[in-house]
1. Sort through 121, 56 and tell me the only one that's open to solvent by 30 Å² or more (accessible area, probe 1.4 Å) and at pLDDT 95 or above.
2. Which one is modelled with the highest pLDDT among residues in region 1-51 that are in a strand (DSSP E or B) and open to solvent by 30 Å² or more (accessible area, probe 1.4 Å)?
3. Exactly one of (1) assigned to a loop (DSSP other than H, G, I, E, B); (2) open to solvent by 50 Å² or more (accessible area, probe 1.4 Å); (3) not acidic (Asp, Glu) is unmet by residue 104. Its number?
Amino acid sequence: MVKSGTTTQGLRAAIERSGYYPALVAEAVEAAVGGEDVASYVVHQETTFDANEVRRHVTVLVLTPSRFIVSHTDEQAADNSSPSPYATTSTESVKLDRISSVVVSRVVANPESYTPGTVPREVVLTIGWGAVSRIDLEPAACGDPNCDADHGYTGNATADDLSLRVSEAGDGPDTVRQTLTFAQALSEATADTAPTAGR
């Protein structure tokens, strides 16, 4: 993981090391970053199994002094719309003051003997900025078991824009560390942009 002041060349080197369509991914990410400095980044490649197909995806998270950038690239097999396999790349740029939550979930083995600094077995980084919200509804009820009145609905709204899961077994300890370092940098950056009382 990289600290503040890292250049775009370091980010490009990490994308090239991933080996996943590096020219395509780097061009999309660099266009989104523009002329800003890169403060921190994570490059995460994931392989999934979809029916009889093996599909790969890469997600690149970038923190600049003013924005959080997420880029996702995945490959598709030939289909009715394309006679040859193809890849799709998307980038989203989010101002830091729009980020509403940074959630880090850690899974550690043998917590009773945990030593600070030990790499967790798994980390899930969830970032919310209001682009995607999930609403879970269910019929509301009252405490009277004989009541048959309509009480409407109750539920929860959850921000769920991005969730990135990395594990020591699947991605290696370096990627887990990188994700934790990125999460800390993003948390600190969003704390800096939070409005203060009376402002």
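1. On inspection, the qualifying residue turns out to be 121.
2. 45
3. (1)
The values are calculated or read from the model by the stated rules, or taken from the named source; none is laboratory data. As the structure is a computational prediction, the values presented were derived from the model and not from experiment. Just the protein is used for accessible areas: all its heavy atoms, side chains included, with ligands, DNA and RNA removed. Shrake-Rupley method; radii C 1.70, N 1.55, O 1.52, S 1.80 Å.
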